[in-house]
Amino acid sequence: SCNKNEVASTDSIHNFIDNEIKGDVRIEIFKKEKPSIFIDAGILHQYNDGNTLLFNGVIADLYNDDGNKASVVYSDSAIIFNKSDSVKAIGDVLIRSVKGYELRTDKIILYNDLKLVKSDDDVSFTSNNDDWLYGKGFWSNFDMSNFEILKPKGELSRSR
């Protein structure tokens, strides 16, 4: 909500020195007027090609088609590809779904339009800390309830 004494900011990223903003940065990506990906970071840098780099504690909330929060992504940095609204999370990536699934990897891509998560790297995946799956390559919906590890490794075990 707005306070009468507050003035809405009309600054553009291009008004800042070197196209960089430091502090509490929030990017909100919508699909058909519903939340899709909300990203918080400490530093934003806008490149001339239109892509945006976020770093310094990147946290992204992922929302399903109904606009409900599905997962949270933690990473060292992220690139927003502005033409597609896709996001690449890079460095020590952890995804925690509201359904209790966790994925760890080095890089992932979040496809806003399709509400999909994709990684071509090594992954470890757990469901409610019971089953651990390892492999290379991963596809999933945003809440990770429908997933595929493309090249599984090791063996499946259940802790008791």
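Quick notes
- Rg/Rg_globular for region 76-156, with Rg_globular taken as 2.2 N^0.38 Å and Rg from C-alpha atoms: 1.05
- Over 31 Å (Cα to Cα) - which of Lys31/Lys153; Lys32/Lys99; Lys32/Lys136; Lys69/Lys136; Lys22/Lys69 fall in this group: Lys31/Lys153; Lys32/Lys136
- Net lengthening on full extension, Asn56/Val72 (0.36 nm per residue, minus Cα-Cα): 4.1 nm
- Full extension of the segment from Arg96 to Tyr111, taken as 0.36 nm per residue of separation minus the current Cα-Cα distance, would add 3.7 nm.
- Solvent-accessible area per residue, Å², over region 29-70 with all protein chains present [probe radius 1.4 Å]: 50
- Surface composition of region 15-135: carbon plus sulfur atoms hold 47% of the accessible area, using a 1.4 angstrom probe and ignoring ligands, DNA and RNA.
- Kirkwood analysis of the Cα pair distances in region 23-160 returns a hydrodynamic radius of 15.1 Å.
- Cα gyration tensor shape of region 28-109, rounded if a/c is under 1.5, else prolate or oblate by comparing a/b with b/c: oblate
- Take the Cα of Tyr47, step 7 Å toward its Cβ, do the same at Lys22, and the gap between the two points is 2.2 nm.
- Segment Ser127-Asn146, extension gain: residue separation times 0.36 nm, minus the distance between their alpha carbons: 5.7 nm
The values are calculated or read from the model by the stated rules, or taken from the named source; none is laboratory data. Just so we're clear, the structure is a prediction, and the values are computed from it rather than from any experiment. Heads up, the Cβs are rebuilt from the backbone with ideal geometry, glycines too, and the neighbour counts pull from every protein chain shown. What goes into the accessible areas is simple: the full protein's heavy atoms, side chains included, and nothing from ligands, DNA or RNA. Shrake-Rupley method; radii C 1.70, N 1.55, O 1.52, S 1.80 Å.
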